[in-house]
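So the structure is just underneath, and the comments pick up after that.
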Amino acid sequence: MCNCVSRLSTHRAVGAGKRGGSDSDTQQSTCGWRETRGNEEEEKGERERGECDKDGIFCHIVRPEDININMVQAKSWILTKLFDGVPKDSDFKLEVEELPEPKDGEVLLESVYLSVDPYMRAFCSFRMKEGDRMIGTQVSKVIQSKNPAFPVGIHVLSNFGWRTHAVSDGTGLTPIMPDWPQDVSLSLALGAIGMPGLTALYGIEEVLGLQEGETLLVNAAAGAVGLVVGQIAKIKGCKVVGSTGSDAKVAYLKELGFDEAFNYKTVASLDEALRKASPDGYDCLFENVGGYFSTVALQHMKNFGRIAVCGSISVYNDSTPQTGPYPHLTMIFKQLKMEGFMQGRWQHKHPESLKRLMAWFKEGKLQCREHITKGFEKMPAAFIGMLQGENIGKAIIAV
Ligand SMILES: NC(=O)c1ccc[n+]([C@@H]2O[C@H](COP(=O)([O-])OP(=O)(O)OC[C@H]3O[C@@H](n4cnc5c(N)ncnc54)[C@H](OP(=O)(O)O)[C@@H]3O)[C@@H](O)[C@H]2O)c1
């Protein structure tokens, strides 16, 4: 038998940076020869010569002693330059490091799905410095374990940033929701049945207290949070108006059951578009965009309207902070209530909330659209694309 097949398959997941990946990896070695020959004498000769051949194909045999089996090569995206305006490819660098075998109590994780989110742009300005690994959440698989709490093969959520592998003592690892159905992609744990879905749910229930029959306006409506906001509001029996940045997104929102949707980039007047979509005004605004949109939308709130300030993506790339008009007079005369929030405030409710989101998904009441980019190497492009509105639904990277 070809030596490189048997030896590498034995040491897959740890050998020379080869990723653990799927079980089928055991079938393939660096020489790509799968066949079992079974001739001991021939095999011995090949082993001594350090080579084998089949049908004229030459293969160099990788011996176990040639491989540092204790190392795995981990790729990371490093922030080389703090963002100035819109992030650029040249702000990132791909780095490779060798990770040691996990020690007692530790596990080796391999990323399966990674998330790119707007907060990464916003946080960069005050929580990161040049040379840091990009921050972020991922779904990873335990591929080696010396920690009984995290056996090989299970999937976890971790905040290990933009990297393919990590060694962890288990701190900060969250096992994926128990009873996650086999037929549901684990990528949704980063989207509608994960942080963005929870954000939508808490914004609606805890901050806005949205009631049946009310009218809700949501912007960035075709994104990860916005899509869930609109659908939950429909589940609750509300009228929903969505603002988004392309005609394809508008069409998708209508397909989902949004009562009104418009393309804020092409309407002649945002003021007119908001009036036309709901002449009586809005009880609730789920605010993802901020800036100019917010200024105009406030004029369309009903008296005693409520505003959940979830994000303000229209200002994240600003090098110089935007100034007024300021909202105070409008807020006073309309007696508005505006509250900023971060989903982590209701962490104690996450398990129950995830179950509710999953149930809506299984009942067909919640569509979980994703925008999947394949390849860890494409993370910066996926991130930049998401900030520019390329995504419908949750922007995900599949490794
Ligand atoms: N508070 C929290 O706990 C929390 C948690 C998660 C997310 N958030 C916030 O929620 C918002 C949505 O996040 P997400 O993860 O769901 O992202 P997302 O909506 O999936 O993606 C970002 C979207 O923002 C829109 N956008 C970009 N620049 C814009 C601009 N100048 N004006 C208007 N829209 C713009 C783009 O869609 P268009 O094509 O429509 O322009 C883009 O697709 C963000 O502000 C984020 O920071 C807050």
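Consider Lys239 carefully, then state whether it is crowded, with 19+ Cβ neighbours inside 10 Å, within 13 Å of the ligand (Cβ to nearest atom) and of a type in the set (Lys, Arg).
no
Under 6 Å between Cβ atoms, which residue pairs at least 6 apart in sequence (or on different chains) link something in segment 331-345 that is crowded, with 16+ Cβ neighbours inside 10 Å with a partner that is in a helix (DSSP H, G or I)?
Phe341/Val207; Gln343/Leu198; Gln343/Thr199; Gln343/Tyr202
Show me the helices (runs of 4 or more DSSP H) found entirely inside segment 233-318 where at least 2 residues are in contact with a Pro (Cβ under 7 Å, 6 or more places away or on another chain).
Of the helices (runs of 4 or more DSSP H) lying wholly inside segment 233-318, those with at least 2 residues that are in contact with a Pro (Cβ under 7 Å, 6 or more places away or on another chain) span 291-298.
Quick one: how many residues across segment 304-329 are surrounded by 10 or more Cβ atoms within 10 Å (Cβ to Cβ) and of a type in the set (S, T, N, Q)?
Within segment 304-329, residues that are surrounded by 10 or more Cβ atoms within 10 Å (Cβ to Cβ) and of a type in the set (S, T, N, Q) number 4.
Here is a yes/no grid of residues against (1) without any contact (Cβ under 8 Å) to a residue 24 or more places away in the chain; (2) part of a helix (DSSP H, G or I); (3) surrounded by fewer than 17 Cβ atoms within 10 Å (Cβ to Cβ):
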residue: Gln73; (1), (2), (3): no, no, yes
residue: Phe83; (1), (2), (3): no, no, no
residue: Glu97; (1), (2), (3): no, no, yes
residue: Leu114; (1), (2), (3): no, no, no
residue: Met120; (1), (2), (3): no, yes, no
residue: Phe126; (1), (2), (3): yes, yes, yes
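Of the residues that make up segment 180-199, is at least one over 21 Å from the mean Cα position of the chain (by Cα), within 30 Å of Phe160 (Cβ to Cβ) and more than 10 Å from the ligand (Cβ to nearest atom)?
No.
Filter segment 238-291 for residues that are in contact with a helix residue (DSSP H, G or I) (Cβ under 7 Å, 6 or more places away or on another chain) and free of Cβ contacts under 8 Å to residues at least 24 places away in the same chain; which is farthest from Gln211 (Cα to Cα)?
Restricting to residues being in contact with a helix residue (DSSP H, G or I) (Cβ under 7 Å, 6 or more places away or on another chain) and free of Cβ contacts under 8 Å to residues at least 24 places away in the same chain, the top hit is Val267.
The conditions are (1) within 10 Å of the ligand (Cβ to nearest atom); (2) under 23 Å from Val207 (Cα atoms), and Ser353 fails exactly one of them. Which is it?
The number of the failed condition is (1).
For segment 216-225, check the following and say yes or no: at least one residue is more than 24 Å from the chain's Cα centre (by Cα), more than 28 Å from Lys362 (Cβ to Cβ) and in the same structural domain as Met338 (by TED's automatic domain parsing).
yes
The values are calculated or read from the model by the stated rules, or taken from the named source; none is laboratory data. The model shown is predicted, which means the values in this text are computed figures rather than measured ones. Note that each Cβ is placed from the backbone with ideal geometry, even for glycine, and that neighbours are counted across all protein chains shown.
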